[in-house]
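Student: I have a structure here, written as structure tokens, and I will follow up with some questions on it.
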Amino acid sequence: MGALAGIYSRARKPNLKSKLISMLSSQSHRDGNAPTIYEDRTCAIGMINRHDAIFIRNGCNLSPTAVPGQGIVGIHAFIDGVILDIPQHVHAFEKKGAPISSWHCSTILAHAYDTWGLTFMQHLEGEFACAIWDEANQNLILARDPYGKKPLHYHLSDKGLVFASEIKGILSAGVAPAIDLVSLSDFLSLNCFPYPATIFQNISQVPPGCILIYDGQSIRIQRYWYHEIHVDQSISIEQAVEELGQSIRSSVSRRLIGREVYCFLSGGIDSSAIVSYAAELSPQPVHAISVGFAEQEFNELEDAALMARHVGAIHHPMIASPDSFLDMLDQLVWHHDAPFTDTSAYPTYYAAKQAHEFTDIILGGDGPDQILCGSGHLVFAEENKLFEAKNSLYRHALRLAGLTAGRFAGDPTPAFFSRLQRRLYRESLSPVHAAYDLRSYFPDIVKHYVCTGDLWEVHLAHDPYRHPESWFREAHGLDTVNQYLFADMKFYMPDDLMIKVDRMCMAHGLETLSPFLDRTVAAVANKLPGAYKLNRTPEGTWSTKHILREVIRRRLPDDLLTKKKQGFGIPLDAWLRHDKGTYLRDVLLDPRTLNRGYFKKQAIDKMLEVFLENRGDYYFPPVNGLVALLTLELWHRRYVDK
């Protein structure tokens, strides 16, 4: 809950405050409170953050008249989110003779910067992004939490630097929108935008786990936290279970900062684990919020009710009556400030909407799939030996054979030769390229077929798979499971999962806290062998998140421990085929869409024909790929055309 915005102008300008207010107003859905603003001759910074005072509302205030972000002369601090270890820092600062004027998160942030300088983020535990104006040194400092839970974007030009939580805040300052074609190509291949890039030219993300320093001339970026995985081969499974359980327990405890405790509860093991620990630690019954849909195959309310009864939680089950998915797409694009492919954003939006009727702060179960291995993609890769090294001559021969099969196939519509082409092509790739081509909604063969020559040239000049290849090089020497998880923590976690959770919950001013993203949990998870995370049973089946299942074995009903992973799904195929695909055709075959020069009309026609006649498969036409095309066009109309 909260929003940041600011301007550091290289020239003295009199209207910075009015521009700042516009930037904050464009993000007011994130928090409806009045803004806190600082302004001088070259700088204007502001925040909206009701939870800046959450420890004061809980009875810890020392000075109710204190100004947020103050307490240190010449240091002005602003925060989106919550610092979780406020009480410890208050006592530590006072012990050193630094009296604390208030328990605002922003005030503690100012003291932390004054005490530790540019290493301040290493000493604070929480889920927040922040901005600090160092008046004496005329430095602007921006910082973001380790996993990118909170967004923070910036635009640098010869006029200075503009920043905001959401990109719409930067555009409100007058920055002209334009598409970045390299980012578009990356998005099509990787399903989202790898930081620090965005879909916009000249608008970047502050990388997770980093601070950015701007002195009025140039920026420099320093990393304060890194996803280091150092496997301890000596740790026993029993010791790992004990340490991980204790870290999750302490992490949940740190996040019980509301007057009442609310948790999302889907019925899966991740959210059930959080509810279990919260119920154990809370002095009063916890509240569990569960949202289902009318389509029974996408409804886990019975599992959620079972878990709520198991721990004595007050259960709030709801059947969402959502607006049409297609009618909602434009609004979801506006909240993302970008095209997207993760359609679980839609149910997340409605879960947050329902939860906000009860609370403005809630615990969630995000993260275990990426840090403890819940990915079906990795299971497939392991079963099919995608990560095994292949002889270069063998790969070249497969590539030639695939090209021959492709000539017989003509297009990617599922048939004998097109399926043969897929298999031969994938086996001709490097192991990492093959694994991510498998995950892509526009694998290379489909992307080449759909894109115009100009966009395909961008692909060839800037290979999207340069990103995963670099992540795996960084993780060199680790087992395959930990290499894959390292890449997920570098990419999927901040660039998909965190964006979805933040934007959909902030659409309703709902703060989510994620215990699995605590650094103490990471410290344990990142020393565990891959076999503790993805384990093959004696029967030959795979146990994903194996170590987490062992931790919570006695905390959950047996039925929940053994249930198949469901995820937050929606009946996407049926919804896109509604009314014989009229919406799809109206948007994707509109001359405005086709005249942008990204995609071939014949290829889009074929995609729609095969999809609407139900002749496709997971590979072509990719249903989430159709969402990518829809949201790209809606983004263009809302942001660029206007």
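Student: When you go through (1) farther than 24 Å from His377 by Cα; (2) of a type in the set (A, V, I, L, M, F, W, C); (3) touching a Leu at 6+ places or on another chain (Cβ under 8 Å); (4) crowded, with 20+ Cβ neighbours inside 10 Å one by one for Val521, which number turns out not to apply?
Tutor: That leaves (1) as the condition not met.
Student: Could I ask something else about it? Of all residues being in contact with a Leu (Cβ under 7 Å, 6 or more places away or on another chain) and not aliphatic (A, V, I, L, M) in the range 21-42, which is surrounded by the most Cβ atoms within 10 Å (Cβ to Cβ)? Just the residue, please.
Tutor: First, the residues of the range 21-42 that are in contact with a Leu (Cβ under 7 Å, 6 or more places away or on another chain): 35, 37, 39.
Restricting the remaining residues to those that are not aliphatic (A, V, I, L, M) gives 35, 39.
Values: Pro35: 19, Glu39: 15.
Filtering the range 21-42 for residues that are in contact with a Leu (Cβ under 7 Å, 6 or more places away or on another chain) and not aliphatic (A, V, I, L, M), the one surrounded by the most Cβ atoms within 10 Å (Cβ to Cβ) comes out as Pro35.
Student: Restricting to the range 578-600, count the residues that are of a type in the set (Gly, Ala, Ser) and over 17 Å from Pro622 (Cβ atoms).
Tutor: In the first step, residues of the range 578-600 are kept if they are of a type in the set (Gly, Ala, Ser); the result is 581, 597.
Filter again for over 17 Å from Pro622 (Cβ atoms), leaving 597.
So the answer is 1.
Student: Condition test on Leu528, is it in contact (Cβ under 8 Å) with a residue 24 or more places away in the chain, touching a helix residue (DSSP H, G or I) at 6+ places or on another chain (Cβ under 8 Å), open to solvent by less than 20 Å² (accessible area, probe 1.4 Å) and part of a loop (DSSP other than H, G, I, E, B)? Break it down into steps so the answer makes sense when it comes.
Tutor: Details: in contact (Cβ under 8 Å) with a residue 24 or more places away in the chain: yes; touching a helix residue (DSSP H, G or I) at 6+ places or on another chain (Cβ under 8 Å): yes; open to solvent by less than 20 Å² (accessible area, probe 1.4 Å): yes; part of a loop (DSSP other than H, G, I, E, B): yes.
Yes; evaluated as a whole, the condition is true for this residue.
Student: Under 9 Å by Cβ, and 6 or more places apart or on different chains, what pairs join a residue from the range 94-105 that is touching a residue at least 24 places away in the same chain (Cβ under 8 Å) with one that is open to solvent by less than 20 Å² (accessible area, probe 1.4 Å) and among the charged types (D, E, K, R)?
Tutor: Once the first residue is touching a residue at least 24 places away in the same chain (Cβ under 8 Å) and sits in the range 94-105, its partners that are open to solvent by less than 20 Å² (accessible area, probe 1.4 Å) and among the charged types (D, E, K, R) give His104/Asp52; Cys105/Asp52.
Student: Moving on. Can you confirm whether the range 315-324 contains a residue that is open to solvent by less than 10 Å² (accessible area, probe 1.4 Å), modelled with pLDDT of 95 or more, touching a Phe, Trp or Tyr at 6+ places or on another chain (Cβ under 9 Å) and more than 23 Å from Thr520 (Cβ to Cβ)? It would help to see each step written out before you state the result.
Tutor: So the first thing to find is which residues in the range 315-324 are open to solvent by less than 10 Å² (accessible area, probe 1.4 Å), and the list is 320.
The next check asks that each one be modelled with pLDDT of 95 or more; those that pass are none.
No: zero hits.
Student: Cβ-Cβ distance below 7 Å, separation of 6 or more or different chains: which pairs start in the range 29-48 with a residue that is closer than 17 Å to Ala110 by Cα and charged (D, E, K, R) and end on one that is assigned to a strand (DSSP E or B) and open to solvent by less than 60 Å² (accessible area, probe 1.4 Å)?
Tutor: none
Student: Okay, next question. Identify, from the list Ala178, Ala143, the residue that is touching a Phe, Trp or Tyr at 6+ places or on another chain (Cβ under 9 Å), at pLDDT 95 or above and surrounded by fewer than 23 Cβ atoms within 10 Å (Cβ to Cβ).
Tutor: Working: Ala143 fails: surrounded by fewer than 23 Cβ atoms within 10 Å (Cβ to Cβ).
Among Ala178, Ala143, only Ala178 is touching a Phe, Trp or Tyr at 6+ places or on another chain (Cβ under 9 Å), at pLDDT 95 or above and surrounded by fewer than 23 Cβ atoms within 10 Å (Cβ to Cβ).
Student: Among the residues of the range 575-590, how many are at positive phi and open to solvent by 10 Å² or more (accessible area, probe 1.4 Å)? Don't jump to the end; show me each part of the working.
Tutor: Going residue by residue through the range 575-590, those that are at positive phi are 579-581.
Cutting the leftovers down to open to solvent by 10 Å² or more (accessible area, probe 1.4 Å) gives us 579-580.
The qualifying residues number 2.
Student: Given (1) open to solvent by less than 20 Å² (accessible area, probe 1.4 Å); (2) out of contact with any His (no Cβ under 6 Å at 6 or more places or on another chain); (3) farther than 30 Å from Ala176 by Cβ; (4) in a helix (DSSP H, G or I), identify the lone condition not met by Arg309.
Tutor: (1)
Student: May I ask you to list the residues in the range 106-118 that are within 15 Å of Val73 (Cα to Cα) and either free of Cβ contacts under 8 Å to residues at least 40 places away in the same chain or of a type outside the set (Asp, Glu) (or both)? Don't jump to the end; show me each part of the working.
Tutor: Within the range 106-118, the first condition is being within 15 Å of Val73 (Cα to Cα), and the residues that meet it are 106-115, 117.
Result: Ser106, Thr107, Ile108, Leu109, Ala110, His111, Ala112, Tyr113, Thr115, Gly117.
Student: Can you tell me which residue in the range 87-142 is farthest from Val252 (Cα to Cα), limited to those that are among the acidic types (Asp, Glu) and assigned to a loop (DSSP other than H, G, I, E, B)?
Tutor: Narrowing the range 87-142 to residues among the acidic types (Asp, Glu): 94, 114, 125, 127, 134-135.
Next cut, assigned to a loop (DSSP other than H, G, I, E, B) only: 125, 135.
On the way: Glu125: 13, Glu135: 37 Å.
Checking each candidate, the answer is Glu135.
The values are calculated or read from the model by the stated rules, or taken from the named source; none is laboratory data. Remember, it's a predicted structure, so these values are computed and weren't measured experimentally. Quick reminder, even Gly has a Cβ in these numbers, built from the backbone with ideal geometry, and neighbours come from all protein chains shown. SASA here: full protein model, heavy atoms, side chains in, ligands and nucleic acids out. Shrake-Rupley method; radii C 1.70, N 1.55, O 1.52, S 1.80 Å.
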